[in-house]
1. In the set Arg81, Arg111, Arg50, Arg31, which member is charged (D, E, K, R), modelled with pLDDT under 90 and exposed (fewer than 12 other Cβ atoms within 10 Å of the Cβ)?
2. Taking region 117-138, which residues are buried (at least 21 other Cβ atoms within 10 Å of the Cβ) and outside any helix (DSSP H, G or I)?
3. When only residues in region 139-167 that are open to solvent by less than 100 Å² (accessible area, probe 1.4 Å) and part of a loop (DSSP other than H, G, I, E, B) count, which is modelled with the lowest pLDDT?
4. Specify the residue that is farthest from the chain's Cα centre (by Cα); the eligible residues are those in region 34-67 that are part of a helix (DSSP H, G or I) and of a type in the set (Asp, Glu).
5. Quick check on Glu11: is it open to solvent by 50 Å² or more (accessible area, probe 1.4 Å) and either in a loop (DSSP other than H, G, I, E, B) or farther than 15 Å from Ala67 by Cβ (or both)?
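The values are calculated or read from the model by the stated rules, or taken from the named source; none is laboratory data. If you're wondering where the values come from, they're calculated on a predicted model, not measured in any experiment. Backbone-built Cβ (ideal geometry, glycine too); neighbour counts: all protein chains shown. Ligands, DNA and RNA are stripped out before the accessible areas are found, and what is left, the full protein with its side chains, is counted by its heavy atoms. Shrake-Rupley method; radii C 1.70, N 1.55, O 1.52, S 1.80 Å.
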Amino acid sequence: MSGADVGAREERFRALHAETYADLLRFVERRVPAAEAEDVVSTVFLTAWRRFDELPDDARPWLFAVARKTMANQSRGWLRRRALDVRLVSLEARELSDDSAGAAARIDLQRAWRALRPEDREVLALVAFDGLTAEQAATVLGCRRSTFAMRLGRARQRLRAALEPAEIVPPSSFRPHDFKEQQSWSRA
């Protein structure tokens, strides 16, 4: 490889790094402890450098997929227990006001989010937080676009259901003495 080729390759890699580093770091930080996030991202870019000639034109989903695999390789047990624990409480103050209705909405959203299965959280986060298209997210997860679209639809339904207020059950007309009468009647 000539010096000009190496220089052009380095320039393209620097541009890729500048375009994707912040998004990739946020993607990783939502999935692993903050102390490990930069190491994972560094490993992703090292892999990208080594395989630079094989990168697709739209390298962003490829990088996210490599990050996902890297995290799985480094901490399989941790990922099973804590898969995609999004820190909703760290939202910036400018995004949500601090009024009581906003606080209640954040608490409801956080509770609903945590009630979802890790797979549902991951599918939703790829689109909502990471800004990936369905095609790109499918690449990250290693599935077809139609499969991803189906998973996304189901995850959205489950999130909506988790956000619905709990049904208030009216007090029953059951009286304790009714139970005693029924017991004595069944013994006869």
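1. Answer to the check: Arg81.
2. Scanning region 117-138 gives a single hit, Leu132.
3. Start the filter on region 139-167 by keeping residues that are open to solvent by less than 100 Å² (accessible area, probe 1.4 Å), which leaves 139-143, 146-150, 152-153, 155, 158-159, 161-163, 166.
Of the ones still in play, those that are also part of a loop (DSSP other than H, G, I, E, B) are 142-143, 166.
On the way: Gly142: 91, Cys143: 92, Ala166: 58.
Applying the filter and picking the extreme gives Ala166.
4. Once the filter is applied, the top-ranked residue is Asp53.
5. Yes: the conditions hold for Glu11.
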